[in-house]
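Scroll down for the structure; my scribbles are underneath it.
The values are calculated or read from the model by the stated rules, or taken from the named source; none is laboratory data. Every value quoted in this text rests on a predicted model; they were computed, and no experiment measured them. Here the Cβ positions follow ideal geometry from the backbone for every residue, glycine too, while neighbour counts run over all protein chains shown.
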């Protein structure tokens, strides 16, 4: 059997003494026990001797001796021992012996984790490696997308404060500054899906993947495929590059430069272009189909209509299904039907509010980044910017989207039952003065949001306790 | 590196000190006296705060109290040993009597000095180094030992 390889990360609050004592203690102990060790230190000067992906893959076990966040999610699925830095110093040999004896447990995030890392939630054990890798890729996309959503969303929300039509040069309330805010915010939003796709692909296939993912995401965005289309683009792009890497493996090493600067981008972009174009083609049809479908229910009873509108609005938040509901709403506004839009708006406002309330009521089950984004979502929700919920939904679409759909449906059903009328297509609570039944409308939205928040929070709680 | 991290005047042996508070008081006085720091209360508060986060007590009587403050002029290593052993909540549960105090200016993040200070904590891991320090009876011997690790 080859020599046991152990990797470790040490860190303490000040990063001056104990971080390095633990490093030294582990090295001494490893030497005594005849194992290889590499220790990454999270000290005052930053991270030193950083563990590479290769190190992590090759390691037989991981020792985390730290009183601060050392980004433990990297070690998902590895036999890992997590202790305080003090134990790392004092019981170094014991810890290493535990790894040698195979007594370490496979790393799974716990809610007691001090880590703020996104990837902690939903931890899966080794048997579920594939699912976990998918999750890791998604997370990489979401964490890069998030600032675009927040930055873009907040600027758009601020532009609404100048008036809902303040960015429209034709409108009397036109304001140049508001238009600027709305435009740059809109640019942030238009990059949201491409960035999501790019960094999903980046996680799968590094930089060559990123390039191809970016293009795929752009096509998804332009083709109206929404963030679900972006997720698809990211995974397809990543695996295109993985496949190309396999196919081009036989090429001589001397051509490596050619591969990364020429072959991967040229072939990759071509392939994603073809695939995504084919993929977004039915989007228009889906969109049209959903509109017709919705049209049939336009006059049905409030519960059925609310259920459908709510579910559609929260399903893909900006994708073809959501847009079908929204466009139908605006079309009906033109015909003087203010009832329909009220439900659509309620259903669009609810998802960000669900995430916002959930991060407040279930604080400890969300990491810092999520809590911050949750706070911002109060603003985005209140101004009808549904996209705020995307970063939350994209982390685990299969569970989170249905929760958002339930919440949105409740909001829409109540809105229809109380016969609220909303004459504006956008703006959220900023248009309350012109809403007929404003109080009932806010009430309906709050109920849907709170129900959704508790479902979501409960799910997070369970996922974290797993 | 001709550093001024440590010199013999920073080392006080066999002090008549009976508690953590008294030790921090002595550290602060020494730091002011040696022009390492300008604010006594700051040092005491800083050391206490670090101690409250987790003990700096190590083992075999060694502890490494440390703090990082704006009012510290230059990075320094002070050594104080006490006649009596002090309760320090150490990792091995034993009281401490050999204190290596690291005082660090706030703006020194990332400097080579920090690495030097870390080197001092590292060497304590090796029991032979602890032996040598314990067996030193003169400030000049301790100075020499630490100096060797720092450079």
**OP:** Return yes or no: is residue A:131 out of contact with any helix residue (DSSP H, G or I) (no Cβ under 6 Å at 6 or more places or on another chain) and without any contact (Cβ under 8 Å) to a residue 40 or more places away in the chain?
**Re:** yes
Original post:
Is it the case that some residue within segment B:85-105 is over 23 Å from residue B:26 (Cα atoms), within 8 Å of chain A (Cβ to nearest Cβ) and surrounded by 15 or more Cβ atoms within 10 Å (Cβ to Cβ)?
Top reply: yes
Original post:
If we scan segment A:382-398, do we find a residue that is within 17 Å of residue A:142 (Cβ to Cβ), free of Cβ contacts under 8 Å to residues at least 12 places away in the same chain and assigned to a helix (DSSP H, G or I)?
Top reply: yes
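From A:311, A:324, A:342, grab the single residue that is touching a strand residue (DSSP E or B) at 6+ places or on another chain (Cβ under 7 Å), crowded, with 19+ Cβ neighbours inside 10 Å and over 21 Å from residue A:153 (Cα atoms).
Working: A:311 fails: touching a strand residue (DSSP E or B) at 6+ places or on another chain (Cβ under 7 Å); A:324 fails: touching a strand residue (DSSP E or B) at 6+ places or on another chain (Cβ under 7 Å).
Just one listed residue meets the conditions, A:342.
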**OP:** Go through (1) over 16 Å from the mean Cα position of the chain (by Cα); (2) within 14 Å of chain A (Cβ to nearest Cβ) one by one and return the number of the condition residue B:131 breaks.
**Re:** (2)
Original post:
Could you count how many residues in segment A:355-374 are crowded, with 17+ Cβ neighbours inside 10 Å, assigned to a helix (DSSP H, G or I) and more than 15 Å from the chain's Cα centre (by Cα)?
Top reply: 3
Subject >> Complete set of residues in segment A:415-432 that are on the phi < 0 side of the Ramachandran plot and surrounded by 24 or more Cβ atoms within 10 Å (Cβ to Cβ) >> reply: A:415, A:416, A:420, A:422
Original post:
What tally of residues in segment B:9-28 results from selecting those that are surrounded by 14 or more Cβ atoms within 10 Å (Cβ to Cβ) and assigned to a helix (DSSP H, G or I)?
Top reply: 9
Subject >> Residues satisfying the stated conditions in segment A:1-44, i.e. part of a loop (DSSP other than H, G, I, E, B) and surrounded by 24 or more Cβ atoms within 10 Å (Cβ to Cβ) >> reply: A:12, A:16, A:17
Original post:
In the list A:88, A:77, which residue meets the criterion of being in contact with a strand residue (DSSP E or B) (Cβ under 7 Å, 6 or more places away or on another chain) and more than 14 Å from chain B (Cβ to nearest Cβ)?
Top reply: A:77
**OP:** Determine which single condition residue A:20 fails, assuming it passes every other condition in (1) more than 7 Å from every other protein chain (Cβ to nearest Cβ); (2) modelled with pLDDT under 90.
**Re:** (1)
**OP:** For residues that are within 18 Å of residue B:28 (Cα to Cα) and either more than 9 Å from chain A (Cβ to nearest Cβ) or more than 13 Å from the chain's Cα centre (by Cα) (or both), scanning just segment B:51-64, find the one that is surrounded by the most Cβ atoms within 10 Å (Cβ to Cβ).
**Re:** B:63
Subject >> Residue check, residue A:71 at positive phi, crowded, with 16+ Cβ neighbours inside 10 Å and under 32 Å from the mean Cα position of the chain (by Cα) >> reply: yes
Original post:
Would it be correct to say that residue B:32 is under 23 Å from residue B:142 (Cβ atoms) and either more than 14 Å from chain A (Cβ to nearest Cβ) or crowded, with 18+ Cβ neighbours inside 10 Å (or both)?
Top reply: yes
Subject >> Test set (1) closer than 25 Å to residue A:312 by Cβ; (2) within 24 Å of the chain's Cα centre (by Cα) - residue A:164 fails condition number >> reply: (2)
Original post:
Is it the case that some residue within segment A:105-116 is modelled with pLDDT under 85, within 14 Å of another protein chain (Cβ to nearest Cβ), under 30 Å from residue B:93 (Cα atoms) and touching a helix residue (DSSP H, G or I) at 6+ places or on another chain (Cβ under 8 Å)?
Top reply: no
